[in-house]
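Notes follow once the structure below has been shown.
The values are calculated or read from the model by the stated rules, or taken from the named source; none is laboratory data. Treat the numbers as computed from the prediction; the structure is a model and nothing was measured. Don't worry about glycine lacking a Cβ; one is built from the backbone with ideal geometry, like all the others, and counts go over all protein chains shown.
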Amino acid sequence: MLDKHSPVPMYVQIEEHLKLRIQQGEFSIGAAIPSERELTEMFGVSRMTVRQSITNLANSGLLYREKGRGTFVAAPKVEQPLSGLTSFTEDMLARGLTPSNVLVGFEKMIPELDIAQKLKLGEGEEVFLVKRIRYADEKPMAIEKTYLPVKLVPKLNKDALNGSLYSFIEKDKQMTIGHAMQRMEAALVTKEDSNFLQINMPSAILIIERISYLTNGLPFEIVHSTYRADRYQFLSEIRR
Ligand code: 16G
């Protein structure tokens, strides 16, 4: 099954073998793959080698481990286009997934200077600071920390934040969402966020910072989103 004389390392060959069996549907989503001991015997390699293959497949999001239970096949990543200004709720519904939120922070405050400047706020003008954990089919996908000028959404409340923020904003006839600027970077998850996202330390995350504007040019939100790197893939179309 494995070629011991190949220049391709054994752990890579095991990864390829497992990937193929997953692609062929032998192990479906959520199914357990054979244990490390079984794989060690099957391939005639050391446990270290098997562990390396499984760690790599888990890091790339194809498998996930559960302490004391085993290793399972993960659901495919969400493919998120970077072209449209859509909301989390819209994105998940478009994929046939059920979105839900847990509101872990909601307060009114005077923001730091850089946030105030980006939101074009004068001295002493307040923002709502909202922190939500966002789920798809009850699995944590992302954490969003959002700043919104109180003067634009004075009636923002917990009920609205348990649903879609964008549909709450768009119900207001004065406000039409226009465009946004965003930047993306990779990082390692912090201890606190690893608990919210239910991932191990260390794990990779993707961070998106977005500033969104109404069609009248006013900035209405600054969002710092932390996405599980094992659940998301971002796509963009590029032309020449
Ligand atoms: C998306 C947006 C976020 C927006 C949220 C509204 C990114 C990076 N972020 O997650 O800016 O606040 O959707 O979602 O795409 P909602 O309408 O479902 O509350």
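Scanning the stretch 207-240 for residues that are over 17 Å from I115 (Cα atoms), hydroxyl-bearing (S, T, Y) and within 12 Å of the chain's Cα centre (by Cα) yields a total of 3.
One line per residue, one yes/no per condition, for (1) closer than 24 Å to P202 by Cα; (2) part of a loop (DSSP other than H, G, I, E, B):
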| position | (1), (2) |
| --- | --- |
| L2 | no, yes |
| I14 | yes, no |
| K19 | yes, no |
| S28 | no, yes |
| R37 | no, no |
| A58 | yes, no |
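Quick one: is E138 more than 23 Å from F88 (Cβ to Cβ) and charged (D, E, K, R)? No; evaluated as a whole, the condition is false for this residue.
Within the stretch 65-105, the set of residues being free of Cβ contacts under 8 Å to residues at least 40 places away in the same chain, farther than 14 Å from F234 by Cα, in a loop (DSSP other than H, G, I, E, B) and assigned by TED's automatic domain parsing to the domain that holds P202 comprises just one member, G96. For the stretch 106-118, a residue qualifies if it is under 25 Å from the mean Cα position of the chain (by Cα) and either loosely packed, with under 12 Cβ neighbours inside 10 Å or part of a loop (DSSP other than H, G, I, E, B) (or both), and exactly one does: E107. Among the residues of the stretch 11-39, the one identified as crowded, with 18+ Cβ neighbours inside 10 Å and of a type in the set (S, T, Y) is Y11. Which ones in the stretch 129-150 are over 23 Å from the mean Cα position of the chain (by Cα) and free of Cβ contacts under 8 Å to residues at least 60 places away in the same chain? Correct list: V150 only. The set of residues from the stretch 16-43 being small (G, A, S) and free of Cβ contacts under 8 Å to residues at least 12 places away in the same chain comprises just one member, G25.
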